């Protein structure tokens, strides 16, 4: 894997984790997207043998593995569904409590 690509993926992953741990629900949702994007890019980067041959070609001895590409497409669909659910929950919390800050949300039942 290219060093610049590895550093970029690590930076996106770090920013995603940082945003996920914020107190604002909208910034946390954006961190969730960045985190899943970094994981998908990491899977894509480590899934190709040479990085020059696409899947299902006869141009060389080591074509890319199509299984990794199928897994990434599945992960993207699952992350979109989870992100839609997360945005729905953020919408409900902000409408019910009038804020997106987790510190301002009181009246939670135990």
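Computed quantities for the displayed model
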item: Residue check for residue 29: at pLDDT 85 or above, exposed (fewer than 11 other Cβ atoms within 10 Å of the Cβ) and assigned to a helix (DSSP H, G or I); result: no
item: Selection status of residue 35, modelled with pLDDT of 90 or more and surrounded by 12 or more Cβ atoms within 10 Å (Cβ to Cβ); result: yes
item: Any hit, the range 82-100, residues being touching a helix residue (DSSP H, G or I) at 6+ places or on another chain (Cβ under 8 Å), modelled with pLDDT of 80 or more and outside any helix (DSSP H, G or I); result: yes
item: Members of the range 9-26 found to be closer than 16 Å to residue 89 by Cβ and at pLDDT 95 or above, listed by number; result: none
item: Looking only at the range 67-81, and only at residues there that are touching a helix residue (DSSP H, G or I) at 6+ places or on another chain (Cβ under 7 Å) and at pLDDT 90 or above, the one that is surrounded by the fewest Cβ atoms within 10 Å (Cβ to Cβ); result: 76
item: Hits in the range 13-25 (condition: assigned to a helix (DSSP H, G or I) and either crowded, with 17+ Cβ neighbours inside 10 Å or over 15 Å from the mean Cα position of the chain (by Cα) (or both)); result: 13, 16, 19, 25
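The values are calculated or read from the model by the stated rules, or taken from the named source; none is laboratory data. None of these values were measured; they are calculated from a predicted model. Glycine also receives a Cβ, built like all others from the backbone with ideal geometry; neighbour counts cover every protein chain displayed.
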